[in-house]
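Engineer: Before I ask anything, here is the structure I am working with.
The values are calculated or read from the model by the stated rules, or taken from the named source; none is laboratory data. Here the structure is a predicted model, which means the values were calculated and not measured. Because the Cβ atoms are built from the backbone with ideal geometry, glycine has one as well, and the counts that use them run over all protein chains shown.
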Amino acid sequence: MRLDVVTIFPEYLDPLNVSLVGKARARGQLNVHVHDLRSWTYDRHNTVDDTPYGGGPGMVMKTDPWGEALDAVLADGYETGAHQPALVVPTPSGRPFNQELAVELSERPWLVFTPARYEGIDRRVIDEYATRMPVYEVSIGDYVLAGGEAAVLVVTEAVARLLPGVLGNAESHQDDSFAPGAMANLLEGPVYTKPPQWRERGIPDVLLSGHHGKIARWRRDEALKRTAANRPDLIERCEPKVFDKKDREMLSILGWAPDPAGEPYGRFWRRPQGVEE
Ligand code: JD8
């Protein structure tokens, strides 16, 4: 996979030289090019922004630097054998980035990221390149950042770890939480390692029992507890058939029951406080 990033803060992307993405680059599994947008400005101040038509706060990123940058990046990619580019535009108004979208992006041969600053990029730039390639406008969460570079780091890591051979055998993404189609989309439970005692704190006995069935059950129960507490929406979204008898027992303890109005195993719903089953 080839990744291009056009930004006014190229140094913001330095983390792409280390850890999982850095190793993938070193192995040739990922080909990353970071470009300074100001390389395509020709005035004394290397201007990339201007006041918004229609007035309003802030500044808008100008068409010409982006158009020249993207044309140059695309030409270089094609010349070196890259194909089927897709534009990835981080924006708070974009499609929520999730594991399903990470999988979709990981299956593409070439991603061109356009992290903006200010109030964003003149819309005509996106509209222009949407005539030539798929455009993914993505948001990494319901909060406002000052620009799109952090989103590029997030999306790149989530995508890179899905590329064949990037994760070692011991780190498979097959059982990821949030993996599309996962049997039950639950959050990860707690993890422990040596030493067995730390500041008067020990390890749950079951994890030291060597009983794999009991360990698996304990881990599942802990995942259910954590998901019920932090992301009840993920439980409501699960097909009830993904929960076995023991899951249902734990869900009932946690205040969940199959929807009495629906099919015998309709979507789970939470019993209102104080209502016994
Ligand atoms: C790109 C400029 C700042 C946004 C005026 C604040 C993503 N989940 C996310 N939150 N924020 C962004 C994001 C913010 C950006 C840009 C992404 C470019 N800004 C602007 C509009 C309001 N300022 C994001 N992914």
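Engineer: Any residue that is away from the ligand (no atom under 16 Å from the Cβ), in contact (Cβ under 8 Å) with a residue 24 or more places away in the chain and assigned to a loop (DSSP other than H, G, I, E, B) - is there at least one of those in the range 54-62?
Structural biologist: Pass one, the range 54-62, residues away from the ligand (no atom under 16 Å from the Cβ): none.
Within the range 54-62 (the criterion being away from the ligand (no atom under 16 Å from the Cβ), in contact (Cβ under 8 Å) with a residue 24 or more places away in the chain and assigned to a loop (DSSP other than H, G, I, E, B)), the answer is no, since none of the residues qualifies.
Engineer: Residues in the range 195-220 that are exposed (fewer than 12 other Cβ atoms within 10 Å of the Cβ) and of a type in the set (A, V, I, L, M, F, W, C): how many?
Structural biologist: Count: 2.
Engineer: Can you tell me which residue among ALA146, ALA151, ALA184, ALA160 is modelled with pLDDT under 95, closer than 28 Å to ARG108 by Cα and hydrophobic (A, V, I, L, M, F, W, C)?
Structural biologist: Details: ALA146 fails: modelled with pLDDT under 95; ALA151 fails: modelled with pLDDT under 95; ALA160 fails: modelled with pLDDT under 95.
Just one listed residue meets the conditions, ALA184.
Engineer: Follow-up. Name, by its number, the condition in (1) within 16 Å of the ligand (Cβ to nearest atom); (2) farther than 15 Å from GLU149 by Cβ that does not hold for ALA82.
Structural biologist: (1)
Engineer: Of the numbered conditions (1) surrounded by 11 or more Cβ atoms within 10 Å (Cβ to Cβ); (2) under 26 Å from SER252 (Cα atoms); (3) within 26 Å of the chain's Cα centre (by Cα), TYR192 fails exactly one; give the number of that condition.
Structural biologist: (2)
Engineer: So, one more: Considering each of ALA228, ALA223 in turn, give the residue that is surrounded by 12 or more Cβ atoms within 10 Å (Cβ to Cβ), closer than 15 Å to SER177 by Cα and in contact with a helix residue (DSSP H, G or I) (Cβ under 7 Å, 6 or more places away or on another chain).
Structural biologist: ALA228
Engineer: Yes or no: the range 34-47 includes at least one residue that is away from the ligand (no atom under 16 Å from the Cβ), surrounded by 15 or more Cβ atoms within 10 Å (Cβ to Cβ) and in contact (Cβ under 8 Å) with a residue 40 or more places away in the chain.
Structural biologist: Within the range 34-47, not a single residue is away from the ligand (no atom under 16 Å from the Cβ), surrounded by 15 or more Cβ atoms within 10 Å (Cβ to Cβ) and in contact (Cβ under 8 Å) with a residue 40 or more places away in the chain.
Engineer: Kindly establish whether LYS214 is free of Cβ contacts under 8 Å to residues at least 60 places away in the same chain, outside any loop (DSSP other than H, G, I, E, B), within 24 Å of the chain's Cα centre (by Cα) and not assigned by the TED database to the domain that holds LEU13. Spell out how you get there, then give the answer.
Structural biologist: Details: free of Cβ contacts under 8 Å to residues at least 60 places away in the same chain: yes; outside any loop (DSSP other than H, G, I, E, B): yes; within 24 Å of the chain's Cα centre (by Cα): no; not assigned by the TED database to the domain that holds LEU13: yes.
The answer is no for LYS214.
Engineer: Does the range 15-24 include one or more residues that are surrounded by fewer than 16 Cβ atoms within 10 Å (Cβ to Cβ), in a loop (DSSP other than H, G, I, E, B) and among the basic types (Lys, Arg)?
Structural biologist: no
Engineer: For the range 105-123, give me the residue count where each residue is surrounded by fewer than 19 Cβ atoms within 10 Å (Cβ to Cβ) and within 16 Å of the ligand (Cβ to nearest atom).
Structural biologist: Qualifying residue count, the range 105-123: 3.
Engineer: Sticking with this one: Looking at (1) more than 8 Å from the ligand (Cβ to nearest atom); (2) among the hydroxyl-bearing types (Ser, Thr, Tyr); (3) closer than 24 Å to SER177 by Cβ, find the lone condition where TYR143 falls short.
Structural biologist: (1)
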